[in-house]
Amino acid sequence: MIFAKLQLGKVAAAAVLLCAFALPAGAQELKIGVVNVPALMDRAPQTKAAMDALQEEFAPRQREILAKQTELQELVEKAQKDAEVMSEAERRALEKSIRDSRREVTRLDTEFREDLNLRQNEELGKLQRSLLSEVQAYAQGEGYDIVVGDGVLFASTAANITDEVLRAIEASYQATSSR
């Protein structure tokens, strides 16, 4: 029985050593790349196009808020300039108008920012999904076994394929935008 356990131990040790030497040989065949996702998001042409579209979408509301702020500023200036010559009733009515105007500007600004943030998050989500698909297509086309992104503590410049992926994304964007 002791002989069988000894033989089994030798077989197990041999199997462990065989696996230990076989793994590095297999690992050397892997093609691994690293993509800096934030840099890709910042530099991709799709990001600029999405942000420009959002700017255009929200420009009318932004102009409306600016016009309301200008009206409010004019009311405040009128109150400061004409305060001494106004009757008590006129002064109270102007102060009420200023308060109402401030509330409206604050409300419009808050709604604008909330809506803008919501739309930016939607567009960034779409953009991230699109870029992920582009990275996957590039990795498959170039024969990469593993491509990693966030959470990488170190990557040599030889493993960093961000610029290559960006060039592929730009080419794909130009091809689709020229149609």
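Name the residues in segment 37-94 that are in a helix (DSSP H, G or I), β-branched (Val, Ile, Thr) and free of Cβ contacts under 8 Å to residues at least 60 places away in the same chain, would you? Don't jump to the end; show me each part of the working.
Our first condition is that a residue be in a helix (DSSP H, G or I); within segment 37-94, this holds for 37-43, 45-82, 88-94.
Narrowing further to those that are β-branched (Val, Ile, Thr): 37, 47, 65, 70, 76.
Within segment 37-94, Ile65, Thr70, Val76 qualify.
In the set (1) small (Gly, Ala, Ser); (2) closer than 30 Å to Ser172 by Cα; (3) surrounded by 14 or more Cβ atoms within 10 Å (Cβ to Cβ), the condition left unmet by Ser97 is number (2). Being hydroxyl-bearing (Ser, Thr, Tyr), surrounded by 13 or more Cβ atoms within 10 Å (Cβ to Cβ) and in contact (Cβ under 8 Å) with a residue 40 or more places away in the chain is a property that Tyr138 lacks. From the list Leu54, Leu40, the one residue that fits, being more than 13 Å from the chain's Cα centre (by Cα), surrounded by 13 or more Cβ atoms within 10 Å (Cβ to Cβ) and closer than 30 Å to Thr162 by Cα, is Leu54. Collect the residues in segment 61-89 that are surrounded by 11 or more Cβ atoms within 10 Å (Cβ to Cβ) and at pLDDT below 90, keeping them in residue-number order. Within segment 61-89, Lys78, Ala79, Asp82, Ala83, Met86 qualify. The single residue among Ser133, Ser97 that is in the same structural domain as Ala49 (by TED's automatic domain parsing), part of a helix (DSSP H, G or I), under 27 Å from Asn36 (Cβ atoms) and among the hydroxyl-bearing types (Ser, Thr, Tyr) turns out to be Ser133. Listed by first and then second residue, the pairs linking a residue in segment 155-179 that is within 21 Å of Pro38 (Cβ to Cβ) and in the same structural domain as Asp42 (by TED's automatic domain parsing) to a residue that is surrounded by fewer than 16 Cβ atoms within 10 Å (Cβ to Cβ) and of a type in the set (Val, Ile, Thr), with Cβ atoms under 7 Å apart and 6 or more places separating them unless they lie on different chains, are Ala159/Ile32. Candidates in segment 142-164 are the residues that are modelled with pLDDT of 90 or more and under 16 Å from Arg129 (Cα atoms); of these, the one that is surrounded by the most Cβ atoms within 10 Å (Cβ to Cβ) is Val147.
The values are calculated or read from the model by the stated rules, or taken from the named source; none is laboratory data. Treat the numbers as computed from the prediction; the structure is a model and nothing was measured. Here Cβ is always computed from backbone atoms with ideal geometry, including for glycine, and neighbour counts include all displayed protein chains.
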